[in-house]
Amino acid sequence: MSHTRPTRRTVVRAAAWSAPAVVVASAAPAMAASTGGALSISLGTSAFVPFSNPQGSFYDVNLNGVTITTGNAVAAGTLQVVASFRPDVAWTTDESPGLRGMYANGAPSGWTSTPGSGAASSVTFIYAAAAAAGATIVVPTGTWVGTNYQTSNPKGQGFLDLTVSAPGATSAVASLASPLQGGVN
């Protein structure tokens, strides 16, 4: 049985054809496994503002200058912001979840909300468009949520939490304190 050694030309030719296949094979899984990266949210100059109606005095939340920054690209309809209210005093078990702390007042342009309006324990806003990696999304200024308890009630004082999330991304939370949070001005 005789063994022949490959020539230098044969080795170089084989290496030239196999090297790109190795590079492509190793690069593809890394791209396929990438995640959505970290999201961030800034509240700008958002604030609780007093609102009165025949039932009493409540707080609206004026969202002003709210920005969301993506880590990696986010597909259309997958970025969401959940607004929830944490009162200074815990809710009781006999209270309806629909009456716990918040009401929805529609959605900014380019977003949808659930519920669209009315009392809720939280409000979910979904961004309709896709966002590129590193994009900054500016939430249109407006009063999209408010408290569902009177300002004189300890349950009307607390924190509005805005939690932003997208599939495969690390979520972020920003909190806004009501004017009398903790019972002090």
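Here is a yes/no grid of residues against (1) buried (at least 18 other Cβ atoms within 10 Å of the Cβ); (2) outside any loop (DSSP other than H, G, I, E, B):
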site	(1), (2)
TYR103	yes, yes
SER109	no, no
THR112	no, yes
ALA119	no, yes
VAL123	yes, yes
THR163	yes, yes
ALA174	yes, yes
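Taking the criterion of being under 13 Å from the mean Cα position of the chain (by Cα), under 19 Å from THR45 (Cα atoms) and among the hydrophobic types (A, V, I, L, M, F, W, C), the residues of segment 113-171 that qualify are ILE137, VAL138, VAL139, LEU162, VAL164.
Looking at segment 60-81, can you tell me whether even one residue there is part of a strand (DSSP E or B) and at pLDDT below 85? Within segment 60-81, none of the residues are part of a strand (DSSP E or B) and at pLDDT below 85.
The lone criterion from (1) within 23 Å of ASN64 (Cβ to Cβ); (2) of a type outside the set (Phe, Trp, Tyr); (3) out of contact with any helix residue (DSSP H, G or I) (no Cβ under 8 Å at 6 or more places or on another chain) left unmet by ALA120 is number (3).
The values are calculated or read from the model by the stated rules, or taken from the named source; none is laboratory data. Bear in mind the structure is a predicted one, so any value in this text is a computation, not a measurement. All Cβ positions, glycine included, derive from the backbone under ideal geometry; neighbour counts span all protein chains shown.
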